[in-house]
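The values are calculated or read from the model by the stated rules, or taken from the named source; none is laboratory data. From a predicted model like this one, the values you see are computed outputs, not experimental measurements. Cβ sites come from the backbone with ideal geometry, for glycine too, and all protein chains shown count toward neighbours. Surface areas here come from the heavy atoms of the whole protein model, side chains and all, with no ligands, DNA or RNA. Shrake-Rupley method; radii C 1.70, N 1.55, O 1.52, S 1.80 Å.
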Amino acid sequence: MRAVFSVSGNQILSLYEGLASADVRIVHTRHESAAAYAAAGWSEVSNDLGIALVAGGPGFLASLTGVAVTATMELPVLLLSGGPTSTGDRPGAFQYLDQAAIASKVCKGTHKLARAETIEEDLARAADEAQTGIPGPVHVMIPADIAAKAANRIGVTLAGLTRREHTTPIAAGDANLLTQIGDQLAKARRPVVIVRPSANRGRAGEALRELATRLGITPVVMESPRGSEDLKYRAETQRYADADYALVIGPADFAVHFLSKSALASSGRVALIDAAGDPQVERELDVHVRADPERALRAIVARLGDERRARSADGARDAAPSASGALHPLHVGAILRETLGPDDLVILDGGEFCQWVRLALATIPNQVVWNSRLGAIGGSLPLALGAAIAQPNRRIVAVVGDGAFGYHLAEMETAVREGVELTIVVGNDDRWGAEWHTQREKYGRAVATMLGKVRYDEVARGFGARGFDVASDAELRSALSQAREMAHVACLNTRIASVRSPATAP
């Protein structure tokens with residue numbers, strides 16, 4: 001069943017009627033940015049097109065952080081927004097905004113439905129745009145009169161939209177360059193492969209895993225705001241400078257030190273497969289080609305033969321410290337690791353607490369969704385909401401610090417209302433941890449970065465969820481076990497020590 005994540009508004013109420021008539025599930029979130037995050041969560045786990053629907057004016061503006069995160073996650077999402085009538089969409093009108101100009105900064109494309117007669121073709125074209133090339137969000141503004149006139153047809157059209165993986169054929173000249181990359185990787189003794197998020201999904205992801213198997217390496221997915229300081233790939237990123245051949249499929253940006261020789265393949269060579277709009281490259285490259293990631297990966301794999309190299313040993317995980325006193329964040333991650341089932345999904349927010357948990361979970365086989373290269377915090381709960389609605393039989397655990405949790409904690413009520421099963425582990429040290437530690441290191445004191453002593457388990461109960469107050473490893477194990485058994489939303493207020501992350505922020 002198709003789901004649309006939305007916050008209502010007068011301009012789009014007619015669309016609610018059309019969506020309901022088409023048997024589309026409308027998930028009414030508590031904030032427009034949460035609707036965009038949830039559409040991204042849906043897309044991430046279902047490999048399907050996500051859809052968010054918001055009102056115009058302030059509703060549209062409020063959605064944009066979630067939309068920008070979706071763009072950096074490279075997920076196909078339609079952002080549908082209401083607006084004034086076709087004849088009234090001009091400066092001075094109530095809630096007028098130049099939505100196209102604003103959306104163009106964070107979306108692949110932006111469009112306005114101009115005629116009710118062509119809405120099916122227009123929406124299908126926007127959905128294709130979101131899924132073609134490097135996936136990303138596409139914005140469509142629906143004037144109030146068009147929405148009212150064509151609500152039922154819009155509902156039927158949205159109900160029928162599905163995910164399609166588009167690939168672009170490789171030109172003959174590019175095919176020769178990809179052959180060269182494959183041959184060089186086959187000869188390399190210390191290769192590294194670094195890829196953009198969308199190259200790790202769907203058919204491209206299958207080809208990437210085959211490449212990694214044949215080379216005996218772990219590919220690094222550029223999904224973290226910490227770039228090469230991402231703790232999940234610490235063993236791999238420490239080998240960057242010593243690589244004799246580096247293949248980068250993605251933008252030559254901060255995550256790969258802009259391909260600086262001092263940081264990547266210092267005495268080796270670099271091949272880059274990027275896309276239009278990615279940053280310009282200053283380093284001299286062995287190969288530079290713009291090609292579809294899936295087709296490029298398959299062409300490279302075809303040059304490697306069937307031999308499988310032994311995989312390098314993963315870096316040892318840091319031992320979980322003693323649980324005396326407040327729980328160390330790494331200890332929380334270690335206990336969570338023990339309780340995960342093979343198909344469980346973990347969604348991590350940003351911040352110090354989640355950096356430690358990411359380190360603890362670095363080598364697990366489970367799918368782990370990170371807070372994106374943009375570095376926005378607070379989106380883990382709505383991301384988990386969208387994922388839970390897409391895959392209701394899968395256990396989903398959201399991990400978030402107390403500062404980030406405040407952004408969208410009201411989505412606990414949405415999750416309860418929608419009947420999803422979700423476990424939320426809140427690391428509570430009563431402060432904005434990253435900023436608090438940075439202030440003390442730089443300025444010798446912390447200013448305005450403490451939080452109140454909030455019982456988030458009690459907040460959860462107020463929203464109709466189950467709440468657990470956790471202060472020891474035994475209580476944490478018990479709460480995680482109970483949360484697994486109950487078909488409900490559970491929030492664990494986990495009292496942690498305030499410890500500086502082992503990663504360095506960019």
Are there any pairs with C-beta distances below 6 angstrom linking a residue in region 199-220 that is on the phi > 0 side of the Ramachandran plot to a residue that is not acidic (Asp, Glu), with the two at least 6 apart or on different chains, and if so which? Gly202/Asn47; Gly216/Arg309; Gly216/Ala310; Gly216/Arg311
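Given the condition more than 26 Å from the chain's Cα centre (by Cα) and surrounded by fewer than 22 Cβ atoms within 10 Å (Cβ to Cβ), answer yes or no: does some residue in region 246-259 qualify?
Our first condition is that a residue be more than 26 Å from the chain's Cα centre (by Cα); within region 246-259, this holds for none.
Within region 246-259, none of the residues are more than 26 Å from the chain's Cα centre (by Cα) and surrounded by fewer than 22 Cβ atoms within 10 Å (Cβ to Cβ).
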Does region 415-428 contain at least one residue that is assigned to a loop (DSSP other than H, G, I, E, B) and either of a type in the set (A, V, I, L, M) or farther than 30 Å from Asp48 by Cβ (or both)? yes
Give, as residue ranges, the helices (runs of 4 or more DSSP H) completely inside region 300-402 that count at least 3 residues that are under 30 Å from Ala246 (Cα atoms) and either at pLDDT 95 or above or open to solvent by 10 Å² or more (accessible area, probe 1.4 Å) (or both). 352-360
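Which of the residues spanning region 403-420 are aromatic (Phe, Trp, Tyr) and surrounded by fewer than 24 Cβ atoms within 10 Å (Cβ to Cβ)? Write out each step before concluding.
Here is the first cut: in region 403-420, the ones aromatic (Phe, Trp, Tyr) are 405, 407.
Passing the criteria: only Tyr407.
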Of all residues in region 127-163, which are in contact with an Asp or Glu (Cβ under 7 Å, 6 or more places away or on another chain) and free of Cβ contacts under 8 Å to residues at least 60 places away in the same chain? Thr157
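Within region 452-464, how many residues turn out to be more than 25 Å from the chain's Cα centre (by Cα) and either open to solvent by 50 Å² or more (accessible area, probe 1.4 Å) or touching a residue at least 40 places away in the same chain (Cβ under 8 Å) (or both)? Steps first, please.
Of region 452-464, the ones more than 25 Å from the chain's Cα centre (by Cα) are 452-455, 457-459, 461-464.
Filter again for either open to solvent by 50 Å² or more (accessible area, probe 1.4 Å) or touching a residue at least 40 places away in the same chain (Cβ under 8 Å) (or both), leaving 453-455, 458-459, 461-464.
Selection size over region 452-464: 9.
Condition test on Arg196, is it basic (Lys, Arg), open to solvent by less than 30 Å² (accessible area, probe 1.4 Å) and out of contact with any Phe, Trp or Tyr (no Cβ under 7 Å at 6 or more places or on another chain)?
Numbers: basic (Lys, Arg): yes; open to solvent by less than 30 Å² (accessible area, probe 1.4 Å): yes; out of contact with any Phe, Trp or Tyr (no Cβ under 7 Å at 6 or more places or on another chain): yes.
Taking the combined requirement at face value, the residue satisfies it.
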Among residues of region 241-263 being touching a helix residue (DSSP H, G or I) at 6+ places or on another chain (Cβ under 6 Å) and not in a strand (DSSP E or B), the residue nearest to Ser228 (Cα to Cα) is Ala255
Could you tell me which numbered condition Glu117 fails, if it satisfies all but one of (1) among the acidic types (Asp, Glu); (2) within 28 Å of the chain's Cα centre (by Cα); (3) within 26 Å of Ile26 (Cβ to Cβ)? (2)
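Quick test for you: out of Glu210, Glu229, Glu223, pick the one residue that is over 17 Å from Arg189 (Cα atoms), of a type in the set (D, E, K, R) and more than 21 Å from the chain's Cα centre (by Cα). Write out each step before concluding.
Working: Glu229 fails: more than 21 Å from the chain's Cα centre (by Cα); Glu223 fails: more than 21 Å from the chain's Cα centre (by Cα).
On inspection, the qualifying residue turns out to be Glu210.
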Within region 421-440, residues being open to solvent by 10 Å² or more (accessible area, probe 1.4 Å) and of a type in the set (Val, Ile, Thr) number 1
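Of all residues in region 99-116, how many are at pLDDT below 95 and part of a loop (DSSP other than H, G, I, E, B)? Give the steps one after another, and end with the answer.
The first filter runs over region 99-116 and keeps only residues at pLDDT below 95, leaving 114-116.
Right, trim to part of a loop (DSSP other than H, G, I, E, B) and you get 114-115.
Of the residues in region 99-116, 2 are at pLDDT below 95 and part of a loop (DSSP other than H, G, I, E, B).
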Filter result for Ala490 (within 18 Å of Leu345 (Cα to Cα) and not in a strand (DSSP E or B)): no
Number of the condition not met by Thr87 [criteria: (1) open to solvent by 10 Å² or more (accessible area, probe 1.4 Å); (2) modelled with pLDDT of 95 or more; (3) outside any helix (DSSP H, G or I); (4) of a type in the set (Ser, Thr, Tyr)]: (2)
Matching residues in region 148-173 - criterion: being more than 30 Å from the chain's Cα centre (by Cα) and in a helix (DSSP H, G or I): Ala148, Lys149, Ala151, Asn152, Arg153, Ala172, Gly173
Among (1) closer than 24 Å to Val156 by Cα; (2) over 14 Å from the mean Cα position of the chain (by Cα) - the single one Leu61 does not satisfy: (1)
